[in-house]
Amino acid sequence: MIAIIDYGMGNLRSVQKGFEHAGVADVVVTGDPAAIASADGIVLPGVGAFRDAAATLRDSGLRDVMLERTAEGVPFLGICLGMQLLATTGLEDGEWAGLGIMPGVCERLPGGVKVPHIGWNTVAYPRETRLFAGIPEDTAFYFVHSYHLRLVDPSWVIGTTSYGIEFAAAVGRGDMYAVQFHPEKSSAAGLRLLGNFGEIVKERAAR
């Protein structure tokens with residue numbers, strides 16, 4: 001079972017429907033830490049403010065169970081704000097502690113470009129990864145965001161795009177992944193990515 005974490009922020013139903021359209025049936029939306037503790041895979045979506053999301057995850061107990069499970073190697077997929085929250089620090093309207101899984105900073109896109117960034121951008125692959133299996137390099141995905149993740153360790157980066165600057169469009173290590181774009185809004189390529197994650201979860205659960 002894949003648990004989509006419900007912390008009151010994000011297009012939860014559209015992410016769930018995206019998985020279903022990709023042929024991944026056993027997906028639930030839940031805010032119950034016990035359900036997440038028993039899940040075979042975890043998805044952290046999100047649309048909204050870094051500070052509010054980080055506080056809600058912390059106060060609800062979802063942060064602790066998510067960190068425990070990812071430390072155990074349970075497959076994880078962050079989407080949009082769910083990727084940004086992996087940083088050490090978020091710089092949206094102040095300075096806020098993130099999950100600290102990936103040392104780095106979530107900072108605003110640079111001046112000189114229209115913010116928020118809304119639209120289709122192609123993604124290059126600095127290295128091969130299972131998340132993008134069967135999806136050609138320079139495929140376009142749909143982005144909606146004002147902030148991006150700047151990592152201390154660039155080896156985390158598995159996808160890049162350019163909008164004013166080049167920045168991380170996807171990150172990954174082991175079975176932990178996150179994408180800045182919205183796969184559930186990215187047509188066939190996005191559904192393929194969700195299906196790839198479903199396969200990663202299925203294979204690990206079978207071990």
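Laboratory data are not the source of any read-out in this text; all were calculated from the coordinates shown. What you are looking at is a predicted structure, and each value in this text was computed from that prediction instead of being measured. Positions of Cβ are generated from backbone atoms using ideal geometry, with glycine treated the same way; all protein chains shown enter the neighbour counts.
Which whole-number value in Å³ per residue fits the convex hull of the alpha carbons of the chain? Mind showing how you got there, number by number?
Working: hull volume 21.5 nm³, N = 207.
Measuring per residue, one finds 104 Å³ for the Cα hull of the chain.
If you add up the charges near Asp153, with Lys and Arg at +1 and Asp and Glu at -1, over every other residue whose beta carbon is less than 14 angstrom from its beta carbon, what do you get? Each step should come with its number before you reach the end.
Numbers: positive: Arg127, Arg150, Arg173; negative: none.
Taking every other residue near Asp153 into account, the sum is +3.
So for the stretch 2-205, averaging the separation of alpha carbon pairs under 8 Å that are six or more residues apart and normalising by length, what relative contact order in percent results? Before the final figure, lay out the partial values.
On the way: 439 pairs, mean separation 44.4, N = 204.
This gives 22 percent for the stretch 2-205.
Work out, step by step, the length gained on full extension between Val47 and Ser14: first 0.36 nm times the residue separation, then minus their alpha carbon distance; give nm to one decimal. Intermediate results must be reported in sequence, preceding the final value.
Details: separation 33, 0.36 × 33 = 11.88 nm, distance 1.22 nm.
Between Val47 and Ser14, full extension yields an extra 10.7 nm.
Would you mind computing, in nm to one decimal, how far apart the modelled labels at Ala71 and Arg58 are, each placed 7 Å from Cα along Cα→Cβ?
Each label point is offset 7 Å from its Cα along the Cβ direction, giving 1.7 nm.
Students often check this: by mean Cβ neighbours within 10 Å, which of 102-112, 156-166 ranks highest, and how do the rest follow?
On the way: 102-112: 15.8, 156-166: 18.0.
For the peptides 102-112, 156-166, the packing ranking is 156-166, 102-112.
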